[in-house]
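The values are calculated or read from the model by the stated rules, or taken from the named source; none is laboratory data. Computed from a prediction, not measured in an experiment: that's the story for all the values here. Quick reminder, even Gly has a Cβ in these numbers, built from the backbone with ideal geometry, and neighbours come from all protein chains shown.
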Amino acid sequence: FEVDLYLKESACQTPLDRQYREEIQKLEKAGGRKNCRIFTYTDHDRFTNLEELCQKVTDSDHEVPSYLVERMANVRRRRQDRRPVEASSLKSKIITWEPSEEFIKNNHVINTPVQTMYIMGDLGPYGKLGNREYENVLCTIKVDGNGVITVKPDFTGNKGPYRIELDGEKREVWEYTIENASAQVQPEEEEREQRVFRDLYGRHKDYFSGLVGTDFEMPLPGTLRLFVNGEIVSAQGYEYDNLYVHFFLELPNQWSSPPFQQLSGVTQTCATKTVGWDNVAYFCYPFTVEMFYTQEDEGVFPYSLPQWPVLYFEVLSLDFWQRYRVEGYGSLVLPASPGVHMLTIPTWRPVELGTVAEMRRFFIGGSPELEDLTYIRIPSTFKGKRLSRFGFRTETTGSVTFRLYCLQQSKAFLENSALRQRMQSVLDRLGGFSQQSSVYNVLEAFQRARRRMQEARESLPQDLINTSASPV
């Protein structure tokens, strides 16, 4: 195809095209190309640029690349030529909170030198070589500025040959293999390369150690730091489609958070898919929360655990006509033990009697809503001893699945000797949550046995008790 194209002088537009024309003319004078089936497209060729621009994100036939995709089409790798940071540098230099425009231009993702070559195969019938529709990519070779060579597909090796099936009338099948024809590395050179790699990895390790440092920030004595890396995984079992979740975190007394910490969020709107008997919307929405618990006087609050933060959330739907509906309310108490927790929380929503409310919900959207979301559990303004919800009508809806990764940090966890002797403070009991539960179980069993013994003694006749007690 290129031979026929560049033989025409009108098709040569760039200096590279004119260079190809001169080389093709020399080949024609020398008797033509020896191999008519295998040829290559190298970097800066028209085919190479077109192939990189036409890469799709999905397998849809109607996909149109967005503005961001077109801008990021040629971005391949982050910049690697950065200055090494000395080991004595501060950790605060790792992140630049207020970068300047010049800093962004110099440190953003840019094009590293990458050269691409496509090994092509002209799989047309004999006598009809040179047609563009019969060209197929057999192998892609890329070399970047760091000297890394990428071959796709991989060398054949022990695997079978690669197959290409044509779409013509005869449905021809071509098979080919890709072999590494370079000379084998000598044992001395391979050992020298391994030493270079070990030295490189050691320098990288020292570099990262210098960035991290050795001094880790610890909370103050009597303070517990709680990290929660959470994820709203999915919502299932709701009546309407196009769901999203609005959530916020309520901190009880003695809990606080950094000023920059966001305690609320909204997921994206997600269309549901049918999985089994339910319609499931997969959000996979991540969020991170950092909180601090400050212990009060032990004499005032010695034998009880603190109240843990509560995550309140509501599930809503928004359809094509901008009709907005409340699908369900729910709450989640953050787990008190560290680790990974997979929780599925059922939800409910308020309902009104009669068909008018349901017709309004169906036709124009809207439904009864809670003015105070803390009413999902215990309202923040409630001061009484008993909370009555008599007369409040609700309806069970779907459920929301959370995945929570909880981490706890406190100096009290380091005092293992205190944990062995007795739990002296609230934070100690937090560190030994499993030990505390076992102690509580033993105490409850002892109290039950004691009550049974007292009931048995009360049921016995008095003369029998006095007779048995007289020898003593």
**Total residues in the range 2-20, condition in a helix (DSSP H, G or I), touching a Lys or Arg at 6+ places or on another chain (Cβ under 9 Å) and surrounded by fewer than 16 Cβ atoms within 10 Å (Cβ to Cβ)** = 2
**Asked** Which residues, counting only those in the range 3-16, are more than 20 Å from residue 135 (Cα to Cα) and of a type outside the set (Val, Ile, Thr)?
**Response** 8, 9, 10, 12, 13, 15, 16
**Asked** Listed residues 298, 290, 217; which is at pLDDT 90 or above and either surrounded by fewer than 18 Cβ atoms within 10 Å (Cβ to Cβ) or part of a strand (DSSP E or B) (or both)?
**Response** 290
**Message:** If I ask for residues that are part of a helix (DSSP H, G or I), closer than 24 Å to residue 136 by Cα and of a type outside the set (Asp, Glu), which ones from the range 21-33 would you list?
**Reply:** 21, 24, 27
**Asked** When only residues in the range 222-246 that are of a type in the set (Phe, Trp, Tyr) and within 21 Å of residue 322 (Cα to Cα) count, which is surrounded by the most Cβ atoms within 10 Å (Cβ to Cβ)?
**Response** 238
**Message:** When you scan the range 159-168, do you find a residue that is in a helix (DSSP H, G or I) and either assigned by the TED database to the domain that holds residue 124 or free of Cβ contacts under 8 Å to residues at least 24 places away in the same chain (or both), even just one?
**Reply:** no
**Message:** I'd like the full set of residues that are within 24 Å of residue 308 (Cβ to Cβ) and among the charged types (D, E, K, R), limited to the range 257-293.
**Reply:** 290
